[in-house]
Amino acid sequence: MTWDAILFDFDGVLADTEPIHYECWRDLLQPFGIEMDWDYYQKQCIGVADALMVERLAAARTPPIPLDAIRPLYSRKKEIFRARLEATPPFLPETIELIQQLSKLYVLAVVSSSGRSEIEPPLERAGIRHHFQTLVCGKEVLNLKPAPDPYLRAAALLGARNPLVVEDSDSGVASGLAAGFEVLRVSLPERVADEVRAHLLAAGQDSR
């Protein structure tokens, strides 16, 4: 098996950002009477676009919360998230080292349901943006994960026919498989470097 590209999800894979996303939404939704604990967020919200997640939570309330009251929170959440991300860099040293090494061997991309404004600046601050030939972010495709559109778009931009997808969520895994690509599901951000290297080694491919 020879992969011609590696496509990484961002939140929970390259970057340990899911706790920050959770804290932002928890704080913003509490005034509306929407309580969300970390266990619920992990099981129901990771890999789901912000708008869809919030619309589901609002509709589940009794009575349902009007979407017009919720939508202004989207831009506010992005502001808070960017500020917290600047204060707390989300990349582990071993993940940065992995990307630096893999970029010498493969073409790389980031494929995420998060917006470009939430992804590109931290990659640039970490000094690793140039290792990725392309980013496919947020609403840059018609249908978000779990649809195959994001991964198909990334592969097309790279000219890749047999990429490896690295994901952590149900919707991300479903997206990669629906695109017809092999998917490596990683367990935790701190395990990504070890698990990617082990997968490449098992397939007889280099990671150094």
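The values are calculated or read from the model by the stated rules, or taken from the named source; none is laboratory data. Fair warning: this is a prediction, and the values are worked out from it, not measured in the lab. Neighbour counts are summed over all protein chains in view; Cβ atoms, including those assigned to glycine, are modelled from backbone coordinates with ideal geometry.
Residues in the stretch 65-81 that are surrounded by 12 or more Cβ atoms within 10 Å (Cβ to Cβ) and farther than 17 Å from residue 24 by Cβ: 65, 67. From the list 117, 113, the one residue that fits, being surrounded by fewer than 16 Cβ atoms within 10 Å (Cβ to Cβ), touching a Lys or Arg at 6+ places or on another chain (Cβ under 7 Å) and in the same structural domain as residue 160 (by TED's automatic domain parsing), is 117.
Does residue 46 satisfy the condition of being in contact (Cβ under 8 Å) with a residue 40 or more places away in the chain, β-branched (Val, Ile, Thr) and not in a loop (DSSP other than H, G, I, E, B)? No, not satisfied. Could you please find all residues in the stretch 2-28 being in contact with a strand residue (DSSP E or B) (Cβ under 9 Å, 6 or more places away or on another chain) and in a loop (DSSP other than H, G, I, E, B)? 3, 4, 9, 10, 12, 13, 14, 17 - these are the residues of the stretch 2-28 that are in contact with a strand residue (DSSP E or B) (Cβ under 9 Å, 6 or more places away or on another chain) and in a loop (DSSP other than H, G, I, E, B). Does the stretch 145-155 contain at least one residue that is assigned to a loop (DSSP other than H, G, I, E, B), under 11 Å from residue 111 (Cα atoms) and among the charged types (D, E, K, R)? Checked the stretch 145-155: at least one residue is assigned to a loop (DSSP other than H, G, I, E, B), under 11 Å from residue 111 (Cα atoms) and among the charged types (D, E, K, R). Within the stretch 62-77, is even one residue at pLDDT below 90, among the basic types (Lys, Arg) and over 17 Å from the mean Cα position of the chain (by Cα)? Within the stretch 62-77, one or more residues are at pLDDT below 90, among the basic types (Lys, Arg) and over 17 Å from the mean Cα position of the chain (by Cα). For the stretch 92-101, the condition holds for at least one residue, the condition being that it is under 30 Å from residue 2 (Cα atoms), in the same structural domain as residue 186 (by TED's automatic domain parsing) and in contact with a Ser or Thr (Cβ under 8 Å, 6 or more places away or on another chain).
Is the stretch 165-186 home to any residue that is of a type in the set (S, T, N, Q), modelled with pLDDT of 95 or more, touching an Asp or Glu at 6+ places or on another chain (Cβ under 7 Å) and in the same structural domain as residue 94 (by TED's automatic domain parsing)?
no
Cβ separations smaller than 8 Å between residues 6+ apart or across chains give the following pairs from the stretch 81-96 residues that are without any contact (Cβ under 8 Å) to a residue 40 or more places away in the chain to residues that are in a helix (DSSP H, G or I) and of a type in the set (Ser, Thr, Tyr): 82/117.
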